[in-house]
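Working notes, beginning with the structure itself.
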Amino acid sequence: MTTPAVSLTGPAAQERTATPRHYLMCPPTHFDVRYAINPWMDPGRPVDRGRAIAQWDRLRDVYTRLGHRVSLLDPRPDLPDMVFTANGAVVVGGTAFAARFRNPERTAEEAAHLAWLRGRGLDVHPSGTVHEGEGDFAVTSSLILAGTGFRTDQAAHMEAQELFGVPVVGLRLVDPRFYHLDTALTVLDDGRVSGRADIAYFPGAFSGAAQRVLGLLFPDAVRVAEADALVFGLNAVGDGRNVVLPRQATGFAALLRARGYHPIGVDTSELARAGGGPKCCTQEIRAA
Ligand SMILES: CN(C)C(=N)NCCC[C@H](N)C(=O)O
């Protein structure tokens, strides 16, 4: 029998393979909403820090049970957003492109990230332009998708391309509720084993041109509904098989199941009060 030129099975029937990851997290010991730098933050409403800590503990446990390694950054009392480690850098092949935050409220986080990255023997490059790490850079094995419009400067996309030597595709975000790329797009499978990256995104967060670019590059991507995006469903962490996402994103979870992924719902609703979800709390350290 000859092999058909076009796959008859499609991604839904594929075997999904998880690969072990190394994540950097920071306990929300001093988590708070003391200022408003995105539309989700309301400093007038006190946060329940105990609840945030319990939600974060559970997220870390999920990762360790999946066999992933979790390293910790020391929290600082004056930095209430430090729990969102994804914003501190993007690390690919042992090279770290360290963040330069947009808002002065978060700039002191830069030094903490630099110290941690240098202490791990990574090849660390502080950024010359504003960028917020994995908040705006989504890494696959063949290219990096990069957001701009609210936080990360477009010039940082070129800096990342020069640093990593992989194509960096710029995508314009247009809705302030989705102010970082990782609120609107997630890498389900980076393609390191399958050879074919798979992503999910909420089209409405992107300019028309960016939607067309995504359609050309990822014609089979999962397109997620606004209701799931609004509960930070796309702020998800995939390891090729398992996808850790806010448990409220039930429509997205059903789409993932149909594609052969294993969605794992977690509650990060208290952390969402600062505008973040599971992915924001998780920076991947990709070794050389
Ligand atoms: C999911 N997102 C957007 C993140 N990657 N990080 C969350 C940062 C939240 C912080 N209050 C801020 O506005 O910077």
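The values are calculated or read from the model by the stated rules, or taken from the named source; none is laboratory data. Predicted model only: the values in this text are computed from it and were never measured. For neighbour counting, all protein chains shown are included, and Cβ atoms are generated from backbone atoms with ideal geometry for every residue, glycine included. The area values use the complete protein model at the heavy-atom level, side chains included, leaving out ligands, DNA and RNA. Shrake-Rupley method; radii C 1.70, N 1.55, O 1.52, S 1.80 Å.
Before moving on, here are some points about what is shown:
- Conditions (1) of a type in the set (S, T, N, Q); (2) under 15 Å from Val62 (Cβ atoms); (3) in contact (Cβ under 8 Å) with a residue 60 or more places away in the chain; number of the one not met by Ser269: (2)
- Here region 228-284 is the region considered, the condition is being among the basic types (Lys, Arg) and closer than 24 Å to Arg45 by Cβ, and the residue that is most open to solvent (accessible area, probe 1.4 Å) is Arg247.
- The residues on offer are Phe218, Phe178, Phe202, and the sole one that is of a type in the set (Phe, Trp, Tyr) and touching a residue at least 40 places away in the same chain (Cβ under 8 Å) is Phe178.
- Residue in region 62-100 that is farthest from Tyr35 (Cα to Cα), counting only those that are out of contact with any helix residue (DSSP H, G or I) (no Cβ under 8 Å at 6 or more places or on another chain) and surrounded by 21 or more Cβ atoms within 10 Å (Cβ to Cβ): His68
- Hey, Arg172 touching a Gly at 6+ places or on another chain (Cβ under 8 Å), of a type outside the set (S, T, N, Q), modelled with pLDDT of 95 or more and in a loop (DSSP other than H, G, I, E, B) or not: no
- Qualifying residue in region 208-225 (condition: of a type in the set (A, V, I, L, M, F, W, C), within 16 Å of the ligand (Cβ to nearest atom), at pLDDT 95 or above and open to solvent by 20 Å² or more (accessible area, probe 1.4 Å)): no
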